[in-house]
Amino acid sequence: MIYPFMTLEDDTEITHTEILENGEVKVYVETPDEKDCFHSLVCYLPSYRVEEVIGYSEEEVSKHVKFIREAANLIIEFAQEGGFDHAAAV
C-alpha cells in the first residue's frame with residue numbers, strides 16, 4: 001500500500017509504503033516537470049539508500065534526502081500505523 005505523506009510548495013509529492021517484510025519503508029518523491037513530465041526518486045528508510053533517480057540533479061537529490069531524514073521518524077511511525085489518516089486518528 002502507498003500512503004500520501006506531504007505535498008511541498010513546488011508540487012513535489014512524497015509518499016511511502018507500509019513497513020516492508022525486510023523492515024524498510026520505501027519513500028517515493030515525485031515532482032512534476034514540464035519538459036520531462038516527472039522527476040522522481042526512491043529512498044529507503046532507515047538506511048537512506050537512494051535508487052531510481054530520474055531527472056533530479058545531485059543537489060536536488062541531497063535536498064530531498066535531507067528532508068526525508070528530518071521527517072523519517074514521522075514517516076516510519078505513519079508506515080507502522082497505516083498512513084497519516086490512521087495515525088492521526090489514534
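Only the coordinates and a few stated rules stand behind these numbers; no lab work does. None of these values were measured; they are calculated from a predicted model. FYI the Cβ positions are ideal-geometry reconstructions off the backbone, even for glycines, and counts take in every protein chain you see.
Give, as a single signed number, the net charge of other residues whose beta carbon lies under 14 Å from the beta carbon of ALA72, with Lys and Arg counted +1 and Asp and Glu -1.
Within the 14 Å Cβ shell, the charges total +1.
What is the sum of charges around VAL50, taking Lys and Arg as +1, Asp and Glu as -1, for the other residues whose C-beta is under 15 Å from the C-beta of VAL50?
With Lys, Arg at +1 and Asp, Glu at -1, the neighbours total -2.
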